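Working notes, structure below.
Readers should treat all values here as calculations from the given coordinates under stated rules, not as data from a laboratory. Since the structure is predicted, the reported quantities are computational estimates derived from the model, not experimental observations. Cβ coordinates were reconstructed from backbone atoms using ideal geometry, including for glycine residues, and neighbour counts include every protein chain displayed.
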Amino acid sequence: MRHLISAADLTRDDAVLILDTADEMARVADRPIKKLPALRGRTICNLFFEDSTRTRISFEAAEKRLSADVINFAAKGSSVSKGESLKDTAQTLEAMGVDAVVIRHGASGAPYRLATSGWIDAPVINAGDGTHQHPTQALLDAFTMRRRLVGKDEGLGKDLSGKRITLVGDVLHSRVARSNVDLLHTLGAQVTLVAPPTLVPVGVDTWPCDVSYDLDRVLPKSDAVMMLRVQRERMNAAFFPTEREYSRRYGLDGERMAKMPEHAIVMHPGPMVRGMEITAEVADSDRCTVIEQVANGVHTRMAVLYLLLGGNEPAVTHTRPTGS
Ligand code: CP
């Protein structure tokens, strides 16, 4: 594996290897000394052109636990504000000895361009690009599902065959939804999207999943329900029902959660908009894995970095971005 651009680039065996490696990383995190020497002497740059809390800090924690040297670059306060291009920014960083680049960018396709343009030689990891992909989010979500729905030890070497996963909300603007649909399908899960009609992407009929507009009918048949953030910053007001209407039809409250099977979990990639997408009662309940997902993000990103820069090599090809 040279780059990680899209969840669609991962085969089942690639994905299971990453999840199994993440499991090993999680065991290291349980030890008194959490650090591994695997990436000692390597320098990784976190290149963030969009805001982030979880992904940026999680990558930094993962890199430090693998003993890499870390450079954090935020577009805000950099020469990007003077008009410097992605190419010149990346080449400037590589000239300073960067061995890998983790990039978040508002433009769908920016990580693909960086990985395939020949501008730099370093491996590129997509930390979220526009509405296109967020592959490490999908991997940490799959890791969380496998641990909770298959078992912590029983899950090793296994996929998510037969698990029924429901994604709810703003699918149109969600790179998390696209990445999860791709990866969950590869791992054998049955995915259903539930969204207001104005927030369902054109062409969704070609995606490997079902679409429903009736959350209450889908909930009793779900092993995991992932609520998606409503991305008002990417949205034309005409796309959106009123907050009250959205919450009434697509929000998850205690009454709705009670319709889910007893073993089923509630997920959210964060940041959550409490009240509208998910009530505090649900977000703070034992069935909600939001904080577990954050912890698992560090293990999963350690696994990706280790496999890209220091470990075994699953074969991965690249898929040209098609997200808007
Ligand atoms: N889930 C996620 O990508 O969160 P951040 O935007 O805080 O990184």
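Please list, ordered by chain and number, the residues whose modelled amide H lies under 5 Å from the amide H of Leu66; skip anything fewer than 5 residues away on the same chain.
Leu36
Using only the alpha carbons, work out the radius of gyration and Dmax of region 19-84 in angstrom.
14.6, 46
Just report the Cα centroid separation between region 1-34 and region 245-307, whole Å.
If we compute the Cα centre of each part, the gap is 21 Å.
Please list, ordered by chain and number, the residues whose modelled amide H lies under 5 Å from the amide H of Val102; skip anything fewer than 5 residues away on the same chain.
The list, which skips near neighbours in sequence, is Cys45, Asn46, Leu47, Ile125.
Specify the angular offset, from 0 to 90 degrees and rounded to the nearest 10, of the alpha carbon long axis of helix 175-186 from the longest principal axis of the alpha carbons in the chain.
For 175-186 against the chain, the angle is about 90 degrees.
Identify all aspartates and glutamates with a Cα-Cα distance to Lys259 below 14 Å; exclude those on the same chain that are fewer than 8 residues away in sequence.
Asp214, Asp216, Asp223
Between Ser212 and Ser67, how high is the FRET efficiency from 1/(1 + (r/R0)^6) when r is the Cβ-Cβ distance and R₀ = 51 Å? Nearest 0.05.
Calculated transfer efficiency: 0.65.
How much length is gained if the chain between Glu84 and Arg244 is pulled fully straight, taking 0.36 nm per residue apart and subtracting their Cα-Cα distance, in nm to one decimal?
53.4 nm
If you average 1/r over every pair of different alpha-carbon atoms in region 240-313 and take one over that average, what Kirkwood value in Å do you get?
14.3
With Cβ to Cβ distances under 11 Å as the rule, what net charge do the other residues near Ala107 carry (K, R +1; D, E -1)?
Result for the neighbourhood of Ala107: 0.
Provide the gained length on full extension for the span Arg234 to Asp153, in nm with one decimal, where the gain is 0.36 nm per separating residue minus the Cα-Cα distance. Display every interim value, and only then the final one.
Numbers: separation 81, 0.36 × 81 = 29.16 nm, distance 4.02 nm.
My answer for the length gained is 25.1 nm.
Using each residue's phi in region 99-107, evaluate 6.51 cos²θ - 1.76 cosθ + 1.60 at θ = phi - 60° and report the 3J(HN,Hα) Karplus result to the nearest Hz, with x for Gly and Pro.
So the Karplus estimates, Gly and Pro as x, are 9, 7, 10, 9, 10, 10, 8, x, 8 Hz.
Give me the percent relative contact order of region 154-227, please, defined on Cα pairs under 8 angstrom at least 6 residues apart.
Details: 113 pairs, mean separation 30.3, N = 74.
Contact order relative to length: 41 percent.
HN-Hα J couplings of region 198-211 from phi, Karplus 6.51/-1.76/1.60, θ = phi - 60°, integer Hz, Gly and Pro as x?
With coefficients 6.51, -1.76 and 1.60, one gets 6, 10, 9, x, 4, x, 5, 5, 8, 7, x, 7, 9, 10 Hz.
Between the helical axis of 12-29 and the dominant principal axis of the chain, each derived from Cα atoms, what acute angle in degrees is found, rounded to the nearest 10?
For helix 12-29, the angle is close to 80 degrees.
In whole percent, what relative contact order does region 173-264 give with Cα contacts below 8 Å and a gap of six or more residues?
35
Relative to the longest principal Cα axis of the chain, at what angle does helix 54-65 sit, 0 to 90 degrees, rounded to 10?
For helix 54-65, the angle is close to 50 degrees.
Once you sort the root eigenvalues of the Cα gyration tensor of region 1-148 as a ≥ b ≥ c, which label holds: rounded (a/c under 1.5), prolate (a/b larger than b/c) or oblate (the other case)?
prolate
Over the Cα atoms of the chain, each weighted equally, I'd like the Debye log10 I(q)/I(0) at q = 0.16 Å⁻¹, rounded to two decimals.
-1.38
State, to one decimal in nm, how far the label point of Asp205 lies from the label point of Ala74, with both points 7 Å from Cα in the Cβ direction.
4.5
Could you work out the relative contact order of region 135-293? I mean the mean sequence separation of Cα pairs under 8 Å and 6+ apart, divided by the number of residues, in percent. Display every interim value, and only then the final one.
Values: 280 pairs, mean separation 38.3, N = 159.
Normalised by residue count, the contact order of region 135-293 is 24 percent.
What pairs from Lys34/Lys87; Lys35/Lys152; Lys35/Lys87; Lys34/Lys76; Lys34/Lys221 go past 27 Å between their alpha carbons?
The pairs that break the limit, which is 27 Å between Cα atoms, are Lys34/Lys87; Lys35/Lys87; Lys34/Lys76; Lys34/Lys221.
Using only the alpha-carbon atoms of region 135-293, report the extent along each of the three principal axes, biggest first, to the nearest angstrom.
Result for region 135-293: principal-axis Cα extents of 46, 35, 27 Å.
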